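Working notes, structure below.
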Amino acid sequence: MNAMAPTRPTELQVCRVRLTASPAAAGEARGQVRAAIRAWDIPVDPDIAVLLTSELVTNAIRYEKGDTVKLFVTCSCGHLRVYVHDTSRVAPIPLDAPADAEAGRGLMLVTSLSTDWGHYRTPGGKAVYFTLAFQADLEGNGCGPHGDRRGARS
């Protein structure tokens, strides 16, 4: 008898959420990302995903002049990607913060723990994102036939 491993959906999975630009936004975003990882059965470390999400959302609300930021979570072609959109046009720059600094190390974490990260301008400001590749020891069916559809741009 041949046993078949369960397959993951081959279609692009997307979650879009508006977050109030307040200190509670990071917690709500962490919950959304953790729920997507669980619901979509994504083989990534959820603790890393929520940590990096928290860093991006915290940066967005720190500089956001409006009332909301947007969170997009996508999954396709063997990758989880999390985007945070805000109205600022200022590009994020990783700082070389001293070890005892109280702030300034968030993008260094994103750089070191993600597979990829970046930013791009949007009509309303910018989006900052990170990507986590599926972990081989947890992976079942990685990439569907539709390829990597980059981004849930708004």
Separation of the residue 58 and residue 133 label points, Cα + 7 Å toward Cβ, nm: 2.7
How much length would be gained if the chain were fully extended between residue 28 and residue 119, taking 0.36 nm per residue of separation minus their Cα-Cα distance, in nm to one decimal? 30.6 nm
Once label points are set 7 Å from the Cα along Cα→Cβ at both residue 16 and residue 111, what is their separation, rounded to one decimal in nm? 3.2
In whole Hz, the Karplus estimates of ³J(HN,Hα) for the range 38-50 (6.51, -1.76, 1.60; θ = phi - 60°; x where Gly or Pro) are 5, 5, 8, 6, 8, x, 10, 6, x, 5, 5, 4, 6
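Read-outs: derived from the displayed coordinates by stated rules, not from any lab. Keep in mind it's a predicted model, so treat the numbers as computed, not measured. Please note: Cβ atoms are built from the backbone with ideal geometry, for glycine as well, and neighbour counts cover all protein chains shown.
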